[in-house]
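Everything below concerns the one structure shown next.
Only the coordinates and a few stated rules stand behind these numbers; no lab work does. Since the model is a prediction, treat every value here as computed from it, not as a measurement. Neighbour counts are summed over all protein chains in view; Cβ atoms, including those assigned to glycine, are modelled from backbone coordinates with ideal geometry.
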Amino acid sequence: MGVQTYEALNRSRQTSLASECEIADSGWARMKGLLGRSQKEFHPGKGLWLLPANSIHTIGMSFPIDVAYLDKTGRLIRLYHSLPPFRVAAIRFKTHSILELPAGTLARTRTEVGDTVEFRQSMKGAM
C-alpha cells in the first residue's frame, strides 16, 4: 500500500499545482515536512499538504519552496514565492492548511491570493 496522495488543483485558474501531493496530517509528519528530501525528489508535480497548519519553516532544508496558506474553504490567503532555506514564515491564525510546492510553481501557474484550491484523492497513491 502506497502513501496517500492528492491532486492539488487551482480551481480559479484551472491549473494543476501538484499531481502527487502527499498529506502531512499527523504531528510528526508536519514537523518532519520536507526535511531529508532533496530538490531532485521534490520536482515539479510534487507537493506536501500540511493539515492543519498555520505556519512553516525551512530550517534544515537545502532548497527553496513555494508556500501557499489556505483558509478552511481552500481560498489562498498568503503566498511565498521561492522561500529560501533557513527561514521561518509568518504565523497566520486564519490559516487552516499549507501547501508546499517546488519553487516556481506559483509563478508558472499564475496563482494569486484569493484563488481557490481543491484537493482530490489521487489514484497514484492508492496502489
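Results, tabulated for the structure shown:
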quantity: Dipole axis of the chain (+1 Lys, Arg; -1 Asp, Glu on Cβ), positive-most option in Ile23, Tyr6, Leu79; calculated: Leu79
quantity: Alpha-carbon Debye profile of the chain, log10 I(q)/I(0) at 0.18, 0.22 Å⁻¹; calculated: -0.91, -1.45
quantity: Residue-averaged [θ]222 nm for the chain, counting only DSSP H segments that reach four residues, each worth -39500 (n - 2.57); calculated: -1500 deg cm²/dmol
quantity: Dipole magnitude of region 72-127, debye to nearest 20 (Cβ charges: Lys/Arg +1, Asp/Glu -1, about Cα centre); calculated: 100
quantity: Convex hull volume per residue in cubic angstrom - Cα atoms of region 3-71; calculated: 98
quantity: Thr116-His81 pseudo-label distance in nm [points 7 Å out on the Cα-to-Cβ vector]; calculated: 2.5
